[in-house]
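One structure below.
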Amino acid sequence: MNTPESTCILERNHGLSMSLKLPAGPRVAGASSESGDGRASFLLDSCLLALPSCTDRENGGHRKRHRGRLAALAIAVVVIAVGVPLWWKTTETYRAWLPVTQINQLAQLQLQLSVEVEVVFSRGTLTAEHQKKVDPTHTRLEEHPVDETTGLSYRYETRYRTATIMEEDALNQPTPAETDQSLHLLSESPCGSVVIYVVPESSTLLPEGVSVYVGQRRTSLLRAGRPMRLGVGLKEVLAHLETQVQQVLKVMSFSHSDITAALSDRVRLDYSSRDGLVDSMRAFKSSPGYEITFSLLNPDPKSHHLHWDIEAAVQSYIQPLLSKLAPVADFSLDSQILYYAVLGVNPRYDPSLNAYTLNADSLSHVINPVEARLGSSAASSNPVLNFLLYVPDARHSPLYITDHRKYTVVSNAFSSPRWGGIMVYNVNGTELPVDINIDMTRVMGVFLAQLRLMLGVQSSTPPPGFLVGPCGPAGLADWELDRLLWSRSVENVATATTTITSLAQLLDQIGNIVINDNIAEQVSAAVASLQLAVGQLEAGNLGLALQYSKEAILQSERAFFDPSLLHLLYFPDDQKFAIYIPLFLPMCVPILLSLLKMAAEARQRRRARQDKKE
């Protein structure tokens with residue numbers, strides 16, 4: 001070849017090209033052309049031998065990048081498909097199912113109270129024609145909306161009938177009290193019902209000037225008025241009788257004010273007077289149990305040797321009342337004697353009375369120093385009713401309690417709302433020391449009246465023309481017990497619904513609180529008991545309504561105050577992010593960058609293919 005150099009170009013099918021420049025040196029004399037051709041052949045063979053090594057390196061790098069992409073993609077798939085669901089499942093908050101629909105229905109509480117009323121006409125009150133025309137049943141419905149979420153309705157089912165022969169004999173007793181007892185022996189009325197016996201206007205059974213007698217049981221005696229005389233139409237007779245029956249029901253059954261006061265945990269009440277507010281705060285809130293403590297305070301044991309038979313007095317005066325109140329709550333009793341216990345307030349000497357006095361303004365300062373020595377409130381979670389008998393020392397004796405008008409209180413005692421009562425017992429005698437046997441009849445009479453007020457037994461003033469008989473040895477009439485059961489049932493339902501709805505709202509707002517199965521069971525049981533209590537109130541079954549309402553309030557409070565529902569046991573969201581970011585961020589950043597790089601390379605390859613096609 002005469003050219004200075006020769007170029008060898010090798011082309012492969014895969015598009016790789018290589019150029020070999022063969023330098024041409026000076027010819028040696030006598031050298032043949034085979035020598036040059038042999039050198040070119042050697043170089044060409046070397047190029048052909050070196051070409052596969054370059055291709056292998058290119059293929060190896062391509063396979064290595066491909067394996068890297070597959071590895072990154074596999075890690076991302078494992079993290080997203082396995083890691084994230086596993087982390088989500090192992091760290092999720094367990095929340096059992098709650099009856100949210102039923103709870104929302106209870107939030108819109110519509111209570112209906114049904115009362116069975118039986119009106120019995122004795123001989124001489126209705127003519128034979130009226131007896132044939134009178135409708136045996138009559139229903140009266142009263143609607144009383146309270147607020148936008150609470151409504152009340154009262155349903156009175158009245159049945160009319162004539163007295164039987166045995167009832168006529170009972171109505172011929174000389175006194176209303178004996179008649180009431182005889183009628184009770186004939187038949188016992190169910191809890192929550194009212195039976196009214198109508199006697200002729202000329203009957204001597206009721207004293208003069210008395211139109212209605214209310215006895216110990218659930219029966220009352222009603223004197224027929226003038227519109228029920230002969231010649232008056234049946235419509236006028238029943239209309240006049242309906243007015244009298246409503247007055248009797250306000251005394252013997254619930255009143256609208258009592259029911260609205262029982263809803264104080266659910267609705268905001270507007271008390272028009274200070275006395276109404278005091279009356280609403282005097283009684284203890286409904287509770288499954290109460291602790292009753294009787295304490296004897298002896299500030300001067302050296303001068304006064306006190307003896308009180310508290311055990312016998314409790315069995316005679318207090319225990320009959322508590323036995324009758326057994327459906328309402330459980331009661332436990334204890335007693336104690338505190339020596340050198342003073343009231344903490346210095347009484348003032350009143351020359352006009354020649355005695356020491358405690359005015360009404362200073363009574364509020366008496367309780368705190370004494371309560372520190374009682375020590376009974378920490379022994380139980382139930383409310384404690386304290387009844388203190390204070391015997392003043394010789395220096396401040398006699399001691400009397402005066403009201404706001406500076407008049408001495410007849411009972412020489414006072415009560416503190418939702419706490420208890422204190423009675424001052426003065427001792428007569430100048431020679432010291434003196435042994436004193438306390439008159440427990442007088443003391444227990446005062447304590448019994450205070451206990452009735454603390455437990456919510458209302459002693460309202462009857463309307464004119466009403467005569468209320470004695471409440472009997474138990475200290476509580478049957479109709480008074482019914483009034484208390486109505487109030488307690490409604491109060492329990494209102495408290496339980498408020499507790500359940502508040503718990504549901506709390507769990508809905510705080511999503512990281514664990515709801516265990518036992519919490520869900522208690523909530524479901526409380527909702528079921530509430531529904532049964534509302535249904536029994538509507539059906540007029542007062543005893544069952546009270547029982548279900550007590551179960552509802554116990555279950556709802558047990559669920560609400562469960563320790564597992566404390567929000568402080570769980571991390572808020574910002575703390576969760578602070579914990580998880582240092583763990584997941586170093587792992588997720590490389591995977592994310594690899595995925596982004598793979599996406600960019602895929603876009604480049606797609607663009608190259610499109611360009612090649614074009």
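The values are calculated or read from the model by the stated rules, or taken from the named source; none is laboratory data. All values reported here derive from a predicted model rather than from experimental measurement. Because the Cβ atoms are built from the backbone with ideal geometry, glycine has one as well, and the counts that use them run over all protein chains shown. Please note that ligands, DNA and RNA were not included when accessible areas were found on the heavy atoms of the full protein model with its side chains. Shrake-Rupley method; radii C 1.70, N 1.55, O 1.52, S 1.80 Å.
Structural remarks
- Within straight-line reach of residue 550, meaning a Cα separation under 29 Å, sit the following lysines at least 8 residues removed in sequence or on another chain: 250, 285, 324.
- Solvent-accessible area per residue, Å², over region 108-261 with all protein chains present [probe radius 1.4 Å]: 49 Å²
- For region 390-438 and region 469-489, distance of Cα centres in Å: 30 Å
- Accessible carbon and sulfur surface of region 287-455 relative to its total accessible area, %, 1.4 Å: 49 percent
- Peptides 550-562, 483-495, ordered by how many other C-beta atoms sit within 10 Å of their residues on average, highest first, read 483-495, 550-562.
- At an R0 of 56 angstrom, the distance between the Cβ atoms of residue 129 and residue 531 translates into a FRET efficiency of 0.75.
- Calculated accessible area for region 527-599 comes out at 62 Å² per residue, all protein chains present (probe 1.4 Å; ligands, DNA, RNA ignored).
- Region 108-261 - percent of accessible surface contributed by carbon and sulfur, probe 1.4 Å: 51 percent
- Working from Cα pairs under 8 Å separated by at least six residues, relative contact order for region 108-261 is 25 percent.
- Excluding ligands, DNA and RNA, the accessible surface per residue across region 427-514 is 41 Å² with a 1.4 Å probe.
- For region 327-340, Karplus couplings with θ = phi - 60° (6.51, -1.76, 1.60), whole Hz, Gly/Pro x: x, 7, 6, 9, 10, 10, 10, 8, 9, 7, 10, 10, 9, 6
- Residue-span extension gain [residue 337 to residue 403] - 0.36 nm each, minus C-alpha spacing: 21.0 nm
- When each of the peptides 311-324, 211-224 is scored by the mean number of other C-beta atoms lying within 10 Å of its residues, the order from highest to lowest reads 211-224, 311-324.
- Coordinate range along principal axes, alpha carbons of region 287-455, Å, largest first: 50, 34, 27
- Divide the volume of the convex hull around the Cα atoms of region 108-261 by the residue count and you get 120 Å³ per residue.
- When you restrict to C-alpha pairs under 8 Å that are six or more residues apart and normalise by the size of region 404-501, the relative contact order lands at 19 percent.
- DSSP assigns beta bridges within region 108-261; of those with both partners inside it, close to 35 percent run antiparallel.
- Given a 1.4 Å probe and the protein chains as shown, residue 514 ends up with an accessible area of around 30 Å².
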